[in-house]
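Accompanying notes for the structure given below.
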Amino acid sequence: MNYKIWISPPHMGGNEMKYIQEAFDSNWIAPAGPHLDLFESELCAYTGSMHTVALSSGTAALHLALAVSGVEKGDIVLCQSLTFAASANPILYLGATPVFIDSEPQTWNICPDTLEQAITQLLKSGKKPKALICVHLYGMPCQLKEVADICDQYGIVLIEDAAEAMGSTYQGQHLGTFGKVGVASFNGNKIITTSAGGALFTHNKNDAQKARFLASQAKDPAPHFQHSEMGYNYRMSNICAAIGLGQLEVLNERVARRRRNFECYLNAFQTIPGLSFQEETEGMFSNRWLSTFLFDHEKSKLTVDQIRSHLAENGIEARQVWKPMHLQPFYKDAPYFGGNVAASVFKNGICFPSGSTLTDEQIGAISENILTFAKM
Ligand SMILES: Cc1ncc(COP(=O)(O)O)c(C=O)c1O
């Protein structure tokens, strides 16, 4: 399908080509170089993370986040169920076992109460979880204080999947910098992009060193190629980092525009009965990466799939909310704790076009299109 309006297209800031040209001129066409170093230090300056390791993808960053957290074969890793598969798959890369947890209805992220119940039950059966992957879905912070307190109390490593949340904060601090390790994605659909790419954030120097080592084929410090453990080829290219430098300059503008998109939809949808959305409470600031709404099926008499197909016929890309991991055929045998919150967000939730190139007028036209179809 070739849409006229995509859900979240890349949006260049203007200086990307200049930095790419510099990289070409200096012949740093490699997964090393001055732009990569600068991108990492600029990411530290922006997020407040003590260390940043720029990587080939957010998925690679999650894999290394688990590895530096000491996750090994047979360990249990708790994970928010309502997310993209890339949050969970790296657990399996390490031979660990994922245990999925339901969401709470306010942020749609991991439910602290269910999390604690799951930990208590697992402990009773002699299974202590090693780590937890919480997700800041569509840029919305999870209930971080409650989640972090539970992890502290039970000695569980907190890993933040902030792939969708660059520019979002909690109590004024950037997401991805609360856990032992945090992860960002710069995939083409994200709020800023390096075409493909990711980053690992940590305040711990040893963890950063270990992640860099594993990401560069685990080469021992020897004059020949020697390896004492298995490594990966996960470093970001200097060319991608050059794009990232240009993108980072405009991140705050992108956040402002995406938040504005959300407000425009919200104003237009006032008449829709039973509409709901992810809510920011005290201290939460979302980048509103994707403008996402829940339609009350009973009241609006419309399924999200009908809305999505109707928009597709008009050249507008919209997407249903992520299908929770515990409902995925691939994870059908994985343990799950919780009720139907994630399942109902999936059933009734839809993401509308949210790119930072959209204008108020375009959002007005998209909303009008939806309202006319829904006869509301
Ligand atoms: C929640 C979440 N986690 C992880 C990822 C993986 O990031 P990447 O595509 O950069 O590998 C993504 C996005 O693709 C995501 O949305």
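Against the condition over 28 Å from ASP75 (Cβ atoms), polar (S, T, N, Q), modelled with pLDDT of 95 or more and not in a strand (DSSP E or B), how does THR194 come out, does it pass?
yes
Could you count how many residues in the stretch 160-180 are in contact with a helix residue (DSSP H, G or I) (Cβ under 6 Å, 6 or more places away or on another chain), more than 11 Å from the ligand (Cβ to nearest atom) and part of a strand (DSSP E or B)?
2
Every residue, every condition in (1) free of Cβ contacts under 8 Å to residues at least 40 places away in the same chain; (2) at positive phi; (3) surrounded by fewer than 17 Cβ atoms within 10 Å (Cβ to Cβ); (4) not in a helix (DSSP H, G or I), yes or no:
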{"position": "TRP322", "(1), (2), (3), (4)": "no, no, no, yes"}
{"position": "HIS326", "(1), (2), (3), (4)": "no, no, no, no"}
{"position": "ASP333", "(1), (2), (3), (4)": "yes, no, yes, yes"}
{"position": "GLY339", "(1), (2), (3), (4)": "no, no, yes, yes"}
{"position": "ALA342", "(1), (2), (3), (4)": "no, no, no, no"}
{"position": "LYS347", "(1), (2), (3), (4)": "no, no, no, no"}
{"position": "GLY355", "(1), (2), (3), (4)": "no, no, no, yes"}
{"position": "ALA365", "(1), (2), (3), (4)": "yes, no, yes, no"}
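So is HIS63 within 14 Å of the ligand (Cβ to nearest atom), in the same structural domain as SER168 (by TED's automatic domain parsing), in contact with a helix residue (DSSP H, G or I) (Cβ under 8 Å, 6 or more places away or on another chain) and not β-branched (Val, Ile, Thr) or not? Steps first, answer last, please.
Working: within 14 Å of the ligand (Cβ to nearest atom): yes; in the same structural domain as SER168 (by TED's automatic domain parsing): yes; in contact with a helix residue (DSSP H, G or I) (Cβ under 8 Å, 6 or more places away or on another chain): yes; not β-branched (Val, Ile, Thr): yes.
Yes; evaluated as a whole, the condition is true for this residue.
So that you can scan it fast, the table gives a plain yes or no per residue for (1) modelled with pLDDT of 95 or more; (2) not in a helix (DSSP H, G or I):
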site: ASP207; (1), (2): yes, no
site: LYS210; (1), (2): yes, no
site: ALA218; (1), (2): yes, yes
site: ASN261; (1), (2): yes, no
site: LEU266; (1), (2): yes, no
site: THR271; (1), (2): no, yes
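Of all residues being within 15 Å of GLY139 (Cα to Cα) and near the ligand (Cβ under 9 Å from one of its atoms) in the stretch 181-208, which is surrounded by the fewest Cβ atoms within 10 Å (Cβ to Cβ)? Just the residue, please.
Result: ASN189.
Filter the stretch 232-286 down to residues that are surrounded by fewer than 17 Cβ atoms within 10 Å (Cβ to Cβ) and among the hydroxyl-bearing types (Ser, Thr, Tyr), then give me how many there are.
Result for the stretch 232-286: 3.
Out of curiosity, is GLN121 more than 16 Å from the ligand (Cβ to nearest atom), assigned to a helix (DSSP H, G or I) and among the polar types (S, T, N, Q)?
yes
How many residues are over 15 Å from the mean Cα position of the chain (by Cα) and small (Gly, Ala, Ser) if we restrict to the stretch 82-103?
Total meeting the criteria: 3.
Let's see how each residue does on (1) crowded, with 21+ Cβ neighbours inside 10 Å; (2) aliphatic (A, V, I, L, M); (3) not in a helix (DSSP H, G or I):
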| residue | (1), (2), (3) |
| --- | --- |
| MET12 | no, yes, yes |
| TYR19 | yes, no, no |
| PHE24 | no, no, no |
| ASP37 | no, no, no |
| LEU43 | yes, yes, no |
| SER49 | yes, no, yes |
| HIS63 | yes, no, no |
| LYS73 | no, no, yes |
| VAL77 | yes, yes, yes |
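Looking only at the stretch 308-317, decide whether some residue is in contact (Cβ under 8 Å) with a residue 12 or more places away in the chain, buried (at least 16 other Cβ atoms within 10 Å of the Cβ) and closer than 29 Å to GLY338 by Cβ.
yes
The values are calculated or read from the model by the stated rules, or taken from the named source; none is laboratory data. Remember, it's a predicted structure, so these values are computed and weren't measured experimentally. So basically every Cβ, Gly included, is an ideal-geometry build from the backbone, and we count neighbours across all protein chains shown.
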